[in-house]
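Trainee: Below: one structure in structure tokens.
Each reported figure results from applying straightforward, stated rules to the coordinates on display, with no laboratory input. Fair warning: this is a prediction, and the values are worked out from it, not measured in the lab. So basically every Cβ, Gly included, is an ideal-geometry build from the backbone, and we count neighbours across all protein chains shown.
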Amino acid sequence: MSDAPATPQAPQSSPISQVPPRPGLADAQSGVARTGDARTGDAAVLLRSVYKTFAADTAPVHALRGAGLTVAHGEFVAVMGPSGSGKSTLLNVVAGLEHVDDGSVTVAGMSLASRSEADLARLRRRHIGMVFQFFHLLETMTVADNVVLAARLSGVGRRAAVRRGHDLLDLLGLLERADSLPGTLSGGQRQRLAIARALANEPTVLLADEPTGALDSAGAAEVLDLFTRLHRRGQTILMVTHDHQVAAGAERIVTMRDGRVSERPGAGS
Ligand SMILES: Nc1ncnc2c1ncn2[C@@H]1O[C@H](COP(=O)(O)OP(=O)(O)OP(=O)(O)O)[C@@H](O)[C@H]1O
Ligand SMILES: [Mg+2]
């Protein structure tokens, strides 16, 4: 697949309202070398036979044992499965936060194998957005500054970052709270702000690890509604959840068990 015409990294002016799926990424600008194999270029995320073992005090822990998963551009996939089955490890591997022992991990057509930490960080900055159960907001900065800073850290110029922050807060229904501190928001609003931050780099894939785990049912519904809207706009989402109702909002549900991924027939319909 040929690369899309390169757009300058900074300043960027593309409005967030055009959050596109990103086949054929222009990676020259990101400084991330393309080592992916052409056949994998169409998937946002591709894991093949991934193994990851953690050394532990007693016996080694085999967190991933041949995990395989393909997430197409624009797909919204939910990952379910028992505690300890490897769900968070899987997300960390996709984000390049954990190295794998065996198998291959490809994000936006680029293999994560044999990359330096700096290269992985660049790739993350360009392609990955992450949200977690406990928000991780900067509590002493305003709502708006939380998002603008995230955009700046992704390499966007100041004016473009302010504009992007404004657009994201508008999209996520937080504009009227732009000057508030995060501590004054409800749980659902706090998670929406965390999602706005995670989208500030217009990531290829949004990774969410139990994003509704700390929310009441109203907050969970807010977040799920937002994910549904983002998905409709083309955002690729890979979300871990223990909540069947939340998972049902995804396009496809896969289940992890003992470090492997299986499709759940009939899910998402
Ligand atoms: N850094 C680590 N060091 C040692 N063991 C780890 C590490 N990270 C994860 N593990 C182990 O790997 C296994 C899989 O963990 P993981 O966090 O991926 O599970 P999970 O499916 O996300 O569980 P939960 O639903 O409880 O969040 C567990 O046995 C866990 O204890
Ligand atoms: Mg987990």
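Trainee: Need the C-alpha centroid separation for region 129-158 versus region 179-251, integer Å.
Mentor: Region 129-158 and region 179-251 have Cα centres spaced 15 Å from each other.
Trainee: Counting other Cβ atoms within 10 Å, which GluC sites (Glu not before Pro) in region 160-269 have at most 11 and lie in a DSSP loop?
Mentor: Answer in residue order: no site qualifies.
Trainee: Run the simple label-point estimate for A218 and R159 please: 7 Å along Cα→C-beta, distance reported in nm.
Mentor: Rounded to a tenth, the inter-label distance reads 4.1 nm.
Trainee: According to the square roots a ≥ b ≥ c of the eigenvalues of the Cα gyration tensor, what is the shape class of region 51-100, taking rounded for a/c under 1.5, prolate for a/b larger than b/c otherwise, and oblate for the remainder?
Mentor: Because a/c hits 1.5 or more and a/b exceeds b/c, region 51-100 counts as prolate.
Trainee: Separate question: For region 69-154, divide the Cα radius of gyration by the Kirkwood radius and give the resulting Rg/Rh value with two decimals.
Mentor: Taking Rg over the Kirkwood Rh, I get 0.99.
Trainee: Peptides 194-206, 142-154: what's the order by average Cβ count within 10 Å, highest mean first?
Mentor: In descending order of packing, they fall as 194-206, 142-154.
Trainee: Taking +1 at the Cβ of each Lys and Arg and -1 at the Cβ of each Asp and Glu, which of V246, A178, A214 sits farthest along the dipole of region 128-269 towards its positive end, judged by Cα position relative to the Cα centre?
Mentor: Most positive-ward Cα: A178.
Trainee: For F76, what residues show an amide H to amide H distance below 5 Å, using hydrogens built from the backbone and excluding near sequence neighbours?
Mentor: I237, E251, R252
Trainee: Pull out the extension gain between A248 and T142, defined as 0.36 nm times the separation in residues minus the alpha carbon to alpha carbon distance; nm, one decimal.
Mentor: Length difference between fully extended and current span is 34.8 nm.
Trainee: At what distance in nm do the modelled label points of E117 and D42 sit from each other, each positioned 7 Å from its Cα along Cα→Cβ?
Mentor: The two pseudo-label positions are separated by 3.8 nm.
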